[in-house]
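The values are calculated or read from the model by the stated rules, or taken from the named source; none is laboratory data. In this text, all values refer to a predicted model and were calculated from it rather than measured experimentally. Reconstructed Cβ throughout: ideal geometry from the backbone, glycine too, with neighbour counts over all protein chains shown. Note: accessible area is taken over every heavy atom of the protein model, side chains too, but ligands, DNA and RNA are not part of it. Shrake-Rupley method; radii C 1.70, N 1.55, O 1.52, S 1.80 Å.
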Amino acid sequence: MTLYDIKPKFQNLLRPMVVKLHAWGVTANQVTLLAMLTSVFLGGLLMYFPTPILYISLPFYLFFRMALNAIDGMLAREFKQQSTLGAILNEVGDIISDAALYLAFAFLTGIAPWLVILVVLLSWLTEFCGVIAQTLTGIRNYRGPLGKSDRAFVLGALGLFIALWPQYISVANIVFGIAALLLAWTCINRCRSALEAKNA
């Protein structure tokens with residue numbers, strides 16, 4: 001069970017907005033680019049000003065980013081905007097956004113940079129394993145336990161924790177360590193799922 005499993009309910013809440021955006025001429029690719037560019041901007045801002053209180057922006061922004069990710073997919077599927085360029089932007093945009101936002105933690109005093117980098121690399125690997133599954137089976141794999149939405153929730157909550165209780169910032173190292181283990185597990189689950197589907 002991951003946050004991805006409640007995505008249909010989240011999409012239903014967003015559907016009226018998606019219909020309006022389509023009526024205004026907004027495209028799925030534009031939304032994808034907006035998500036990537038705003039992620040890079042906020043990540044760069046946090047890297048340049050690595051002050052704990054500024055990390056309170058992460059939970060709010062990551063929720064906004066999840067909404068944008070849902071919106072671009074709905075625009076593409078429900079209004080026939082799917083394209084090869086859109087698929088590329090979606091995958092590349094996600095890994096760039098993850099790197100920009102999550103690497104910002106490495107600039108905070110008290111957090112081990114190598115742990116943050118490890119989590120970013122394993123996050124990329126989970127998405128790669130999901131794409132491998134799609135190549136083999138034709139279906140993108142989103143198995144957890146730490147998929148994209150789950151990572152956003154965990155690291156958004158961590159940003160809030162750091163902003164409110166910076167004196168306990170060392171706890172972040174434990175969170176990143178556990179996240180790395182869960183990401184490795186996610187990679188294994190996605191590859192195993194692809195093998196099972198291929199051999200079925």
Qualifying position, being at pLDDT 95 or above and buried (at least 19 other Cβ atoms within 10 Å of the Cβ), among L181, L158: L158
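Which is modelled with pLDDT of 95 or more, in contact with a Cys (Cβ under 8 Å, 6 or more places away or on another chain) and of a type outside the set (D, E, K, R), of L122, L101?
L122
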Count - residues of segment 89-131 that are open to solvent by 10 Å² or more (accessible area, probe 1.4 Å), free of Cβ contacts under 8 Å to residues at least 60 places away in the same chain and either closer than 17 Å to L46 by Cβ or not in a helix (DSSP H, G or I) (or both): 4
I'd like to check something: does segment 76-88 contain any residue that is within 21 Å of K7 (Cβ to Cβ), touching a His at 6+ places or on another chain (Cβ under 9 Å) and in a helix (DSSP H, G or I)? yes
